[in-house]
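Take a look at the structure below.
The values are calculated or read from the model by the stated rules, or taken from the named source; none is laboratory data. Everything numeric here is computed off the predicted structure, so don't read it as measured data. A quick note on method: Cβ atoms are made from the backbone with ideal geometry, for glycine too, and the neighbour counts reach across all protein chains shown.
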Amino acid sequence: MLETRHLSRRVGDKVVVDGISVCVRPGEIPGLVGPSGAGKSSFLRLLKPPRRADRRHRLLDGQDYRGVPPT
């Protein structure tokens, strides 16, 4: 399960991702829809470590995965 809780990111004075919480369970295929400039790509980039979010809770199977070495 991949989960984010209140994920936010600010670049300068602009908030590009604001408080996104999502939970994707095994077998689910999520979609990300929104207008151009809504922050879809910025959100996806925040999922990949070592990107830093201003407020960050990124979990994989209930654990923060930023410190887990790749397999």
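Residues in segment 1-40 that are among the basic types (Lys, Arg), surrounded by 14 or more Cβ atoms within 10 Å (Cβ to Cβ) and farther than 20 Å from Asp64 by Cα: Lys40 alone.
The single condition from (1) under 14 Å from the mean Cα position of the chain (by Cα); (2) at pLDDT 90 or above that Gly12 fails is (1).
Look at segment 30-43: where a residue is farther than 18 Å from Val11 by Cβ and assigned to a loop (DSSP other than H, G, I, E, B) and a partner is at pLDDT below 95 and among the charged types (D, E, K, R), sitting 6+ places away or on another chain with Cβ atoms under 6 Å, you get Leu32/Lys40.
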